[in-house]
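One structure below.
The values are calculated or read from the model by the stated rules, or taken from the named source; none is laboratory data. This one's a predicted model, so the numbers in the text were calculated from it and none came from an experiment. All Cβ positions, glycine included, derive from the backbone under ideal geometry; neighbour counts span all protein chains shown.
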Amino acid sequence: MAKLNSMPGRDKFLPVCQKDMEAKGWEQCDFILVSGDGYVDHPSFANGVISRVLESAGFRVGILAQPGWEDTKDIERLGKPLYAFLVSAGNLDSMLHAYTSSKLPRSDDPYSPGGKAGFRPNRATIVYCNLIRRTFGKIPIIIGGIEASQRRFCHYDYWEDKIRRSILLDSNADLLVFGMGEQQILEIASRLKNNEKIHTITDVRGTAYIKKDIGFLSSSEYINRFGEPQFTLSYEELLPPKNTPPQRVQEHNPKGTPPQYRKNYAIAFKKIYDEQDPVRGRPVVQACGALYIVQLPPAALQSPEQLDAWYDLPYTRYYHPDYEALGGIPAWETTQHTIVTHRGCLGSCSFCALTMHQGRIIQSRSVESILREAKKIVEMPSFRGYISDVGGPTANMYANACPVQQSKGACLKKDCLLPRMCPKLEQHLAKQMEMLESVRNLPGIKKAFISSGIRYDMLLDTQSAGQLGEKYIENLAQHHTSGRLKVAPEHISPAVLQQMHKPKFEEYLKFQEKFEAASKKAGKDQYLIAYFVSSHPGCTIEEQIRLAEYFRQSNWSPEQVQDFVPTPMTPSTVMFYSGYDPWTLKQVYTPTTMREKRRQRALLQFKKPEMQGRVRKALREAGRSDLIGHGPKKLVPPGPEEDWQE
């Protein structure tokens, strides 16, 4: 990473040590934010956003980024906060940071100094909270971020291959903030300042907590405010019967009938999933022994003005200067010149955690706020004229709206986009294109790219997009593609795509044709980077072989191949663990052994010499030795077979 010629001094950042506190004239912090990520003061980094939000409300906030956990020296660095510790594992689940889909240790960590691994512990939220408890006793602890958010109920953990309790119990935290936490943390902070005890704060939307006595849930006041509490299956009902040895997922025979306790997991998840809506969602309760996990409905929808307020805060947009000598923070390198235009996603892809974290309803910023941020980027010493991304979870969902969602919430039994787009969904493509044009026409900006990906089937929908869909694709090719555009067809099999909640592959081919034509019209040599996923639930080895054959016929070597990783609280993970589709409760074939997962990935990379021994063995055992040999219809040449050991 290139060193910065000029960056803000440490006085522009929040305190990270006692000297910083003294320089600000502070004797004590009101809140101390403990994060598994390096400290980056940028609106794409959770520790930067939450700390600035609290600062804007007048609170004194200190940052403990990636504290050591072998002793108490680092956790004591800023002393004891007046109100609470705020703990997050970072922008990703710490186990996903640490291990690959094959459960092998990762060699790097883009959110750590110099990109090196080892700066955060496994299960960081739990480790940090227990360290705080041992050091400071009964100080209030509030946890948040994606790790806490996705583990708020009892959940399947891929790395241990078992059902774990709620992270609230294992961390011994007092309160959990799920989803995007600005509204929640401001309300909690204000109430703590007004001398409310943390255990009495049980009515903040977008939070979860543990209670032994839940009689208050049946009060008319509580029900009138939040709705009738919904009870999902208990932790004990998700476990194998007593005196029965737990069966590893990898030992499960996918052709047999999974045991009832696995089916229970799919049933429990569906009950939880149905209430993750900011408009119609109700409280969800799950028993765990003698205690209860209580989750209130998600935080209320935010207006453009509210979102603007978070993104207009005085971020330095840089990593802390302490990291300069260590090589900086690589994740900052790729996000420093990016703009987030909206939150939420209409897609509901089965393998994505976004639905449970940001929700299905689009919440967009104003064009004016986006332009203000673009002007700040232009002023950065590191800026060279190129904004690397103007987008969000899916770039072309900016400003999309549905009148039903705003008043009644996202439909409970209907998908917004599949099997075809809902006629009530309004695509405001003209507003998107005007916003993009305004950004790229600002003085100092040469190009403003879209690199966060798009949902191409929406642009092809003639009813909601009309002729503007064609115009958007032309605009994309002409102005907002840096030679390559990311898209995610994921697979070609209708059965696999159905389990993924993704559009048919034919939609991708239509978009490819239109994008290539638009690029040619613009006089540019551009192409698509297509993402594919191997070993997703529903994908048999036969389906994967058909995908490999398609690659051979198309003379295609995919650049981006991802082996499916089961992460907590996604529908795909439910299928992986339980063997059931949570929507239909029908059995789903799932590649669960590490051997098959690796074979499926190798089939997508059959042209690589180091993969061909594995491909030969996979083909022979699947009864497809006809694809081994020389000639245009063969996948791999003859040779020795190889395999992986479990």
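Going through region 400-413 one residue at a time, which ones are buried (at least 22 other Cβ atoms within 10 Å of the Cβ) and within 15 Å of LYS431 (Cα to Cα)? Listed by number, the list holds a single entry, ASN400. Could you please let me know if LEU82 is of a type in the set (A, V, I, L, M, F, W, C) and crowded, with 22+ Cβ neighbours inside 10 Å? No; evaluated as a whole, the condition is false for this residue.
Note on region 79-122: residues that are on the phi > 0 side of the Ramachandran plot, touching a residue at least 60 places away in the same chain (Cβ under 8 Å) and in contact with a Gly (Cβ under 6 Å, 6 or more places away or on another chain) total 1. Restricting attention to region 51-93, the residues being out of contact with any Asp or Glu (no Cβ under 7 Å at 6 or more places or on another chain), closer than 14 Å to LEU14 by Cβ and outside any loop (DSSP other than H, G, I, E, B) number 8. Here LEU485 passes the criteria (1) assigned to a helix (DSSP H, G or I); (2) crowded, with 22+ Cβ neighbours inside 10 Å; (3) within 22 Å of the chain's Cα centre (by Cα) except the one numbered (1).
Every residue, every condition in (1) touching a helix residue (DSSP H, G or I) at 6+ places or on another chain (Cβ under 9 Å); (2) under 20 Å from LEU418 (Cα atoms); (3) in contact (Cβ under 8 Å) with a residue 60 or more places away in the chain, yes or no:
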site	(1), (2), (3)
ALA495	yes, yes, no
PHE505	yes, yes, no
TYR508	yes, yes, no
LYS514	yes, no, no
SER535	yes, no, yes
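Can you name the residue in region 94-125 that is part of a loop (DSSP other than H, G, I, E, B) and among the hydroxyl-bearing types (Ser, Thr, Tyr) and, of all such residues, is nearest to ASP563 (Cα to Cα)? The selected residue is SER101. Within region 488-506, the set of residues being in a strand (DSSP E or B) and either charged (D, E, K, R) or under 12 Å from LYS524 (Cα atoms) (or both) comprises GLU490 only. In this structure, is GLN605 at negative phi and either in the same structural domain as ARG164 (by TED's automatic domain parsing) or surrounded by fewer than 23 Cβ atoms within 10 Å (Cβ to Cβ) (or both)? Judged against the criteria, GLN605 is a match. Within region 89-135, the residues that satisfy the criterion of being among the acidic types (Asp, Glu) and surrounded by 19 or more Cβ atoms within 10 Å (Cβ to Cβ) are ASP93, ASP109. MET7 passes all but one of (1) in contact (Cβ under 8 Å) with a residue 24 or more places away in the chain; (2) part of a helix (DSSP H, G or I); (3) within 19 Å of LEU313 (Cα to Cα); which number fails? With (1) in contact (Cβ under 8 Å) with a residue 24 or more places away in the chain; (2) part of a helix (DSSP H, G or I); (3) within 19 Å of LEU313 (Cα to Cα) applied to MET7, the lone miss is (2).
Can you spot a residue in region 257-265 that is part of a loop (DSSP other than H, G, I, E, B), more than 30 Å from LYS414 (Cα to Cα) and at pLDDT below 95? No, every residue in region 257-265 fails to be part of a loop (DSSP other than H, G, I, E, B), more than 30 Å from LYS414 (Cα to Cα) and at pLDDT below 95. Taking the stated definitions as given, is GLY215 touching a residue at least 40 places away in the same chain (Cβ under 8 Å) and not basic (Lys, Arg)? No. The helices (runs of 4 or more DSSP H) found wholly in region 361-471 and carrying at least 1 residues that are out of contact with any Phe, Trp or Tyr (no Cβ under 8 Å at 6 or more places or on another chain), under 22 Å from TYR531 (Cα atoms) and touching a residue at least 24 places away in the same chain (Cβ under 8 Å) occupy 456-460. Checking each residue in region 50-79 for being loosely packed, with under 15 Cβ neighbours inside 10 Å and over 18 Å from VAL127 (Cα atoms) picks out ALA57, GLY58.
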